[in-house]
1. Across region 174-191, what is the number of residues that are within 10 Å of the chain's Cα centre (by Cα) and of a type outside the set (Ser, Thr, Tyr)?
2. Can you work out which of the residues in region 86-120 that are at pLDDT 85 or above and farther than 18 Å from Leu156 by Cβ is least open to solvent (accessible area, probe 1.4 Å)?
3. Within region 142-158, can you find the residues that are polar (S, T, N, Q) and buried (at least 16 other Cβ atoms within 10 Å of the Cβ)?
4. Out of the residues in region 94-128 that are among the aliphatic types (A, V, I, L, M) and assigned to a strand (DSSP E or B), state the one that is farthest from Met146 (Cα to Cα).
5. I'm trying to understand the selection: among the residues of region 32-57, which are in a strand (DSSP E or B) and modelled with pLDDT of 75 or more?
6. Does region 161-193 hold any residues that are in a loop (DSSP other than H, G, I, E, B), open to solvent by 60 Å² or more (accessible area, probe 1.4 Å) and either among the basic types (Lys, Arg) or under 20 Å from Gly91 (Cβ atoms) (or both), and which are they?
Amino acid sequence: MIHVLLCSISLPGDKGLCRGGEKDQVYGGHTEMTEDPLTTGDFSLAISDLRLTDSVYTCTIYDEHGEILHQKVVVLIVRGLQMEMVEVTKGEPSVSLPFKISGPVDEDIRVEWTHPDSKQTEVMTFENGEIQLSKHNKVYRRRTEMDKDLLTSGDLSLTLKNPGVDDNGLYKCTVYSGEEVQQWKTVTLSVRGQ
């Protein structure tokens, strides 16, 4: 007969989620297990409000002597990433890299548009209620715009003026509240020759 005294679910950066009914402060309220896993045999963990740091989870079942009876490792891959392809012809006056979230938006957010495929990765930053010109990259300084009323509209789209072949590639918009990522979207820009 198997006696399970403890189910320890290890989360990234944690030694265990549930020990005698305790929950980790970070994951408390975001995780749930079946009420009677001993009867059902279901030790599944339901996670809500996923974060970018979520990655590898381990469920370990111990006997009454603290010996490991069963251990399962699950790798979590978040597939809800918003990704879009935008095509434009070289010579067009501008192109919009779209990203709309439900507004109104918290005043303390930071919005960062980056171009990871470029040597100059930082494109534009909105912080403290305004566009941060000091964080504007020289390459993009006079070529980018965002909705000045984005806190109300929720329109985080980036307008890129005079797109050229050097602008091709992946762009990423990340929305932060403090240091925590709230939402993100990637847009691939393809600038075709005339």
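The values are calculated or read from the model by the stated rules, or taken from the named source; none is laboratory data. What you see is a predicted model, and the numbers here were worked out from it, not measured in a lab. Cβ placement follows ideal geometry from the backbone for every residue including glycine, while neighbour counts extend to all protein chains displayed. Remember, those area values only see protein heavy atoms, side chains included, never the ligands or the DNA or RNA. Shrake-Rupley method; radii C 1.70, N 1.55, O 1.52, S 1.80 Å.
1. Restricting attention to region 174-191, the residues satisfying the condition of being within 10 Å of the chain's Cα centre (by Cα) are 174-176, 180-185.
From what's left, of a type outside the set (Ser, Thr, Tyr): 175, 180-185.
Residues flagged as within 10 Å of the chain's Cα centre (by Cα) and of a type outside the set (Ser, Thr, Tyr) within region 174-191 amount to 7.
2. Only one residue fits best here, namely Val88.
3. We begin by selecting, within region 142-158, every residue polar (S, T, N, Q); these are 144, 152-153, 157.
The answer is Thr144, Ser157.
4. Keep residues of region 94-128 that are among the aliphatic types (A, V, I, L, M), which gives 95, 97, 101, 105, 109, 111, 123-124.
Narrowing the set further to residues that are assigned to a strand (DSSP E or B) leaves 95, 97, 109, 111, 123-124.
Working: Val95: 12, Leu97: 10, Ile109: 15, Val111: 10, Val123: 11, Met124: 9 Å.
Restricting to residues being among the aliphatic types (A, V, I, L, M) and assigned to a strand (DSSP E or B), the top hit is Ile109.
5. Glu32, Met33, Leu45, Ala46
6. Going through region 161-193, the residues in a loop (DSSP other than H, G, I, E, B) turn out to be 162-164, 168, 178-179, 193.
With open to solvent by 60 Å² or more (accessible area, probe 1.4 Å) added as a condition, the list becomes 162, 179.
Residue satisfying the conditions is Asn162 alone.
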